[in-house]
Amino acid sequence: MSFSAVIVAAGASTRAGSGPPKPWRMLAGRPVLRWSVEALLGAGADEIVVVVAADRVEAASEALGDLPRWRAVAGGATRAGSVQAGLAALKAGEAQPVLVHDAARPLVTLAHVEALLAALEGAEGAIPALPVADTLKRGESLVAATVSREGLWRAQTPQAFRLGPLKAAYAAWPASEEPTDDAAVMERAGGRVALAAGDPRLMKLTYPEDFAMAEALAGQARIVRIGQGLDAHRWGPGEAVWLCGVEIAHDRTLIGHSDADAGLHALTDAVLGAIGAGDIGEHFPPSDPQWKGASSDRFLIHAVELAAARGARILSVDVTLVCEQPKIRPHREAMRARLAELLRLPVDRVSVKATTTEGMGFTGRGEGLFAQAVVSVETPA
Ligand code: MG
């Protein structure tokens with residue numbers, strides 16, 4: 001499912017009270033803008049252009065700097081101008097589906113993206129829309145009329161189009177008018193816009209009180225997933241052994257194609273498992289000569305980058321090494337520190353433990369070392 005995205009975050013947020021503009025406020029622990037970027041990355045976006053006010057390009061780097069496949073461009077004076085600046089910055093081809101999204105709707109999910117891209121198959125545009133449930137009145141201080149809500153919808157974002165036709169529709173839009181969404185531009189150009197299922201969670205943060213509502217809904221936009229990894233390597237002649245990214249002097253070493261760091265291998269497999277991305281053998285085949293003697297740091301870094309690319313963040317890891325020798329305890333803090341560095345986590349989210357099997361089994365007989373890792377990650381729902 002290949003698509004590009006433009007996220008508009010250049011508005012002044014005049015109705016949302018004092019403080020920084022909405023995209024830069026915190027929602028459940030992360031900037032509002034970051035929610036959409038992580039969710040669209042998690043849904044598989046090829047590239048995301050974030051359109052920000054000219055003085056916020058640096059703020060975007062602070063909020064998103066560790067995420068892949070995004071870049072920021074300065075917006076125009078109006079929303080339409082900002083959308084066009086974003087579209088112009090996309091590298092995709094004319095036929096590429098593009099989602100145009102308001103940063104002020106942070107709780108977008110994979111299911112929304114899938115529904116929109118499916119609906120785009122049969123139309124020139126697709127939008128998430130909710131039927132109007134309340135009775136509609138027209139008036140000032142007194143009701144002048146009750147308006148039929150028959151056939152009326154509330155349009156949300158993201159809205160899906162194909163890049164070439166959307167650019168053309170904007171080019172044809174009269175400069176004297178300001179569209180309130182992108183579908184209106186496509187409609188004016190004669191394009192058919194499909195109604196896909198909207199979602200109350202796609203609510204727009206408009207007023208200060210909306211933040212409390214969004215905080216309550218935010219828990220549903222992310223889920224926690226668990227991964228586990230197991231690894232074993234055989235002991236052989238040597239003078240030192242690598243475990244959890246730390247070299248320990250020892251009278252034997254672990255035998256393997258790479259540096260045989262079973263702790264890092266188990267942990268890498270656990271990260272891959274938590275995001276459903278296969279296993280270490282698939283990403284780094286032992287048959288491939290480029291991994292011969294490789295430092296296993298690289299395997300874990302690759303898995304961590306893969307997780308970030310899917311909008312996932314690692315919450316905690318727990319590694320258990322099973323061996324009679326060497327003694328792990330004297331090296332445990334060094335291992336935790338090294339893993340924390342590789343995982344970009346605070347040390348208190350990283351656990352390294354060790355146990356023996358009291359002389360039983362292959363670890364007890366000193367034939368090999370066994371490692372197990374469990375990882376929890378938070379990913380877009
Ligand atoms: Mg291994």
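Structure summary
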| read-out | value |
| --- | --- |
| Spin-label model distance (nm) - residue 341 vs residue 58, 7 Å beyond Cα toward Cβ | 2.9 nm |
| Carbon and sulfur %, accessible surface of the stretch 242-381 computed with the full protein complex present, 1.4 Å | 53 percent |
| Virtual spin-label span in nm between residue 302 and residue 239, 7 Å along Cα→Cβ | 3.0 nm |
| Sequence-distant residues sharing a close amide H with residue 27 (under 5 Å, placed H) | 32 |
| Sequence-distant aspartates and glutamates (8 or more away, or on other chains) whose Cα lies within less than 20 Å of residue 167 | 46, 47, 94, 102, 121, 124, 177, 178, 181, 182, 187 |
| Rounded to 10°, Cα long-axis angle of helix 110-120 versus longest principal axis of the chain | 50 degrees |
| Full-extension gain in nm, residue 78 to residue 195, via 0.36 nm per residue minus C-alpha separation | 39.6 nm |
| Per residue Cα convex hull volume in Å³ - calculated over the stretch 35-158 | 153 Å³ |
| Solvent-accessible heavy-atom area per residue, rounded to whole Å², over the chain at 1.4 Å | 46 Å² |
| Relative contact order for the chain, counting Cα pairs under 8 Å that sit 6 or more residues apart, in percent | 16 percent |
| Virtual spin-label span in nm between residue 230 and residue 152, 7 Å along Cα→Cβ | 6.1 nm |
| Helix axis angle, 262-274 relative to the chain longest principal axis, alpha carbon, degrees | 20 degrees |
| Added length on full extension, which subtracts the Cα-Cα distance from 0.36 nm per residue, residue 187 to residue 362 | 56.0 nm |
| Residue-averaged [θ]222 nm for the chain, counting only DSSP H segments that reach four residues, each worth -39500 (n - 2.57) | -8500 deg cm²/dmol |
| In degrees, nearest ten, helix 332-343 long axis to first principal axis of the chain (Cα) | 30 degrees |
| DSSP-loop trypsin sites (Lys or Arg not before Pro) across the stretch 70-126, with at most 12 other Cβ within 10 angstrom | 91 |
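The values are calculated or read from the model by the stated rules, or taken from the named source; none is laboratory data. Small disclaimer: the values here were computed from a predicted structure and weren't measured. Virtual Cβ from ideal backbone geometry, glycine too; neighbours counted across all protein chains shown. All accessible areas refer to the heavy atoms of the entire protein, side chains included, with ligands and DNA or RNA removed. Shrake-Rupley method; radii C 1.70, N 1.55, O 1.52, S 1.80 Å.
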